[in-house]
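The values are calculated or read from the model by the stated rules, or taken from the named source; none is laboratory data. The structure displayed is predicted, hence computed values, not measured ones. Here Cβ is always computed from backbone atoms with ideal geometry, including for glycine, and neighbour counts include all displayed protein chains. When the accessible area is computed, the model is the full protein with side chains, heavy atoms only, and any ligands, DNA or RNA have been set aside. Shrake-Rupley method; radii C 1.70, N 1.55, O 1.52, S 1.80 Å.
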Amino acid sequence: MSSIADNIRSVTRRIQKATEQAGRKPDSVRLLAVSKTRPPEDLRAAADAGQTAFGENYLQEALDKIEALKDLADLEWHFIGPIQSNKTRQIAESFSWVHSVDRLKIARRLSEQRPAELGPLNLCLQVNVNDEESKSGCSLTELPELAASVSVLPNLTLRGLMAIPDPNQNDADLKQSFGKLAGALALLQQTLPDAQQLDTLSMGMSSDLEMAIAEGATWVRVGSALFGERPAK
Ligand SMILES: *Cc1c(COP(=O)(O)O)cnc(C)c1O
């Protein structure tokens, strides 16, 4: 069994290779370690190997880990799971980034509840690029209006877009889904003020990060390739 440190090295190499093949700058893609269901010791092992950014899906589990690892000064916490409105305060108080906002009500609450001393919360809008019935995310049609409304809220910085494309697609369709998200960001960069802050595409996971990087990903969210397969829920 390979160690978490070995896995970080091999995923980092995959990212470097894909970034180079896409003709992109070496530091233009960052690794978000998705640590849902993992115990704090696994995150500590990753942090010891140099990993700083961690993505969590479940609030209470995340808060327990943030507390357990508070002796590590440089960790950056990203919330990437579905958000209920009664959870926004703790998210606004404990995270640097939120990738999974798909409605204005949630963005408003995060803005109102963000403690001023922490500075703006970095926010991505989640887009349902394949129009899947059961999926979170706003539609590509709703996106321009939602992005315009969110971009003017105080205490938030709209950084870009996130998607979890339908994993049951063939490679060509998956590539096209990543391309759609990139196209949607490009359109927002042309239409919204503060375009220089809109620099983020959160897309690509353990099995498809190369394709996402080819299409412009700036954060790849990687869980099982770092920490091993998760037990079925
Ligand atoms: C679990 C999860 C990931 C990581 O998936 P892997 O296939 O384990 O790399 C990425 N993004 C989100 C939103 C997730 O919930």
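Before moving on, here are some points about what is shown:
- Screening the chain for whole DSSP H helices of 18 Å or more along their axis (Cα) with average Kyte-Doolittle hydropathy at least -0.5 returns 171-191.
- Net charge over other residues, Cβ less than 13 angstrom from the Cβ of residue 20 (K, R count +1; D, E count -1): +3
- Residue among 217, 182, 73 with the largest mean-square fluctuation in a Gaussian network model of the chain, springs linking Cα atoms under 10 Å: 73
- Among 46-56, 107-117, the peptide with the highest mean count of other Cβ atoms within 10 Å heads the list, and the full ranking is 46-56, 107-117.
- Computed log10 I(q)/I(0) for the chain at 0.08, 0.09, 0.13, 0.17 Å⁻¹: -0.27, -0.35, -0.76, -1.34, from the Debye equation with unit scatterers placed on every C-alpha and solvent omitted.
- Each listed q (0.12 Å⁻¹) maps to a log10 I(q)/I(0) for the range 107-225 from the Debye sum over equal C-alpha point scatterers, namely -0.44.
- Backbone N within the range 214-233 under 18 Å of label point (7 Å from residue 64 Cα along the Cβ vector): 230-233
- Surface listing: 162, 205, 211 arranged by accessible area from highest to lowest gives 205, 211, 162, probe 1.4 Å.
- Remark: spin-label model distance residue 224-residue 48 equals 2.6 nm, labels positioned 7 Å along the Cα→Cβ axis.
- Förster radius 35 Å - calculated FRET efficiency between residue 85 and residue 168, Cβ distance, rounded to 0.05: 0.70
- Across the range 173-203, the residues whose backbone nitrogen lies under 15 Å from the label position 7 Å along the beta-carbon direction of residue 22 are 174-186, 199-203.
- Accessible area of the chain belonging to carbon and sulfur atoms, whole % at 1.4 Å probe: 48
- Cα centroid separation, the range 1-50 to the range 82-100: 24 Å.
- Of 12, 200, the residue with the largest accessible area leads and the full order is 12, 200 (1.4 Å probe).
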